[in-house]
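Here's the structure we're looking at; comments come further down.
The values are calculated or read from the model by the stated rules, or taken from the named source; none is laboratory data. Just so it is clear, the model here is predicted, and its values are computed rather than measured. Here the Cβ positions follow ideal geometry from the backbone for every residue, glycine too, while neighbour counts run over all protein chains shown. Accessible surface is based on the protein model in full, side chains and every heavy atom, while ligands, DNA and RNA are left aside. Shrake-Rupley method; radii C 1.70, N 1.55, O 1.52, S 1.80 Å.
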Amino acid sequence: MLTLSAPSAPVEPFLHHLAAEEQLLTAAIEKGQELYAALRRGAVPEAHGLGAEQERIAAGLRAASAARLGATGALAAALELAPEQVTLAALAERLPEPQAEPVRAARARLAALAAELNRIQTRNANLLGHLRSFFRDVLAECGADDTPIRYGPSGQWLPPAPNQPLLRRGTIT
């Protein structure tokens, strides 16, 4: 383990940047949960507004990540780590013990938040997939008997395959 000449100088800004990212991940999780609730209620305008807020948080996360790179570089240089070796685990390994613990704790919190955000985004994507399928089926049932029953991503009817008859309501294939 390497001892830093000015122990807290490069670590404090680095921890500050990690805390900022942690706050943004927490906000992203909250908005993801709000979006799920809005979609389940059928509150389309609210869900649309939450999408804009999620974009703002994502931009904040990108900016925070870019800002963290400078602090990470300073800390890695002080610890004599090569750029390809820079991970939170590697930084914590190289720091003296009183300073390594906050980095390990931040790593654990960030990993848990990232996993939770991934779970929420997957749940929301699944719900959106079910909603698209539901509305596709509803629109197919509302159409005239001689209209195709499939719709593309744009909401337009999909043309039948060449040399194939049009599918009609009540048919399986």
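Please report the accessible area of Leu61 (heavy atoms, 1.4 Å probe, ligands and nucleic acids excluded) in Å², nearest 10.
40
HN-Hα J couplings of the range 42-55 from phi, Karplus 6.51/-1.76/1.60, θ = phi - 60°, integer Hz, Gly and Pro as x?
x, 8, 5, x, 5, 4, 5, x, 5, x, 5, 5, 5, 4
Between Leu128 and Glu93, take the C-beta separation as r, use R0 = 35 Å, and let me know the FRET efficiency to the nearest 0.05.
Approximately 0.30, to the nearest 0.05.
Name the residue from Val103, Asn124, Ala114 whose Cα lies farthest towards the positive end of the charge dipole of the range 95-134, charges +1 on Cβ of Lys and Arg and -1 on Cβ of Asp and Glu.
Toward the positive end, the furthest listed residue is Asn124.
What distance in nm separates the two pseudo spin-label positions at Leu110 and Glu46, each 7 Å out from Cα along the beta-carbon direction?
3.4
Summing +1 for each Lys or Arg and -1 for each Asp or Glu, what net charge is found among the other residues whose Cβ lies under 15 Å from the Cβ of Ile57?
Net local charge, Ile57 excluded: -4.
Describe numerically, in nm with one decimal, the distance between label points set 7 Å from Cα along Cα→Cβ at Ala37 and at Ala77.
Computed distance between label sites Ala37 and Ala77 equals 4.6 nm.
What is the sum of charges around Leu95, taking Lys and Arg as +1, Asp and Glu as -1, for the other residues whose C-beta is under 10 Å from the C-beta of Leu95?
Summing Lys/Arg as +1 and Asp/Glu as -1 gives -1.
Using a 1.4 angstrom probe, figure out how much accessible area the range 11-146 has per residue, in square angstrom, rounded to the nearest whole.
In whole numbers, the range 11-146 has 58 Å² accessible per residue.
Just to be sure I understand the model, the point goes 7 Å from the Cα along the line to the Cβ. What's the resulting Ala58 to Ala100 distance in nm?
Result for the modelled spin labels: 3.8 nm.
Over the Cα atoms of the range 11-146, what radius of gyration and what Dmax do you get, in Å?
In order Rg, Dmax, the Cα atoms of the range 11-146 give 20.8, 74 Å.
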